[in-house]
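This report concerns only the one structure given below.
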Amino acid sequence: QVQLVESGGGLVQPGGSLTLSCAARGTVFSVYGMGWYRQGPGTQREMVAEVIWGGPTKYADSVKGRFSVLRDTTKTAVSLQMNNLKPDDTAVYYCHLEHYTGLGVPPIDSWGPGTQVTVSS
């Protein structure tokens, strides 16, 4: 099975920046999309940013204009550049991959283990 390896989480002050990275290990037949979700204290997991391979990029309204998701075109990998971070951005961030395992089958989801981002002074 595909494993998603995340890095870049940590503690940052409000207004600061942080970049998360995610790369898939294992065989990926083809990619539908890839991105980042997060779950903050007392909240449900929500989509932060998603890139559809060959399609659009979507951002949550709460991060639009501050976060950028970047696709690595040479491999199955993405990064999330987070700028002007706010305390409400504090959450566990999860990398997400929707991918096909072969021809003629629907895509499946793979998730990273989650990396903590804490925005605090």
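Remarks
- Tally, over region 41-76, of residues that are part of a loop (DSSP other than H, G, I, E, B), closer than 20 Å to residue 19 by Cβ and at pLDDT 95 or above: 7
- Selection from region 83-106 of residues that are within 13 Å of residue 37 (Cα to Cα) and either over 12 Å from the mean Cα position of the chain (by Cα) or of a type in the set (A, V, I, L, M, F, W, C) (or both): 89, 90, 91, 92, 95, 97
- Within region 56-74, considering residues that are surrounded by fewer than 18 Cβ atoms within 10 Å (Cβ to Cβ) and touching a Leu at 6+ places or on another chain (Cβ under 8 Å), the one nearest to residue 100 (Cα to Cα): 70
- Leading residue by the ranking (surrounded by the most Cβ atoms within 10 Å (Cβ to Cβ)) among those in region 95-121 that are in a strand (DSSP E or B) and without any contact (Cβ under 8 Å) to a residue 60 or more places away in the chain: 108
- The condition (being under 15 Å from the mean Cα position of the chain (by Cα) and open to solvent by less than 20 Å² (accessible area, probe 1.4 Å)) is satisfied by just one residue among 77, 24: 77.
- Looking across region 33-55, just one residue is open to solvent by 70 Å² or more (accessible area, probe 1.4 Å) and farther than 24 Å from residue 90 by Cβ, and that is 54.
The values are calculated or read from the model by the stated rules, or taken from the named source; none is laboratory data. Everything numeric in this text was worked out from a predicted model, so none of it was measured. Note: ideal-geometry Cβ built from the backbone for every residue, glycine included; neighbour counts use all protein chains shown. Protein only, heavy atoms only, side chains kept; ligands, DNA and RNA dropped before computing areas. Shrake-Rupley method; radii C 1.70, N 1.55, O 1.52, S 1.80 Å.
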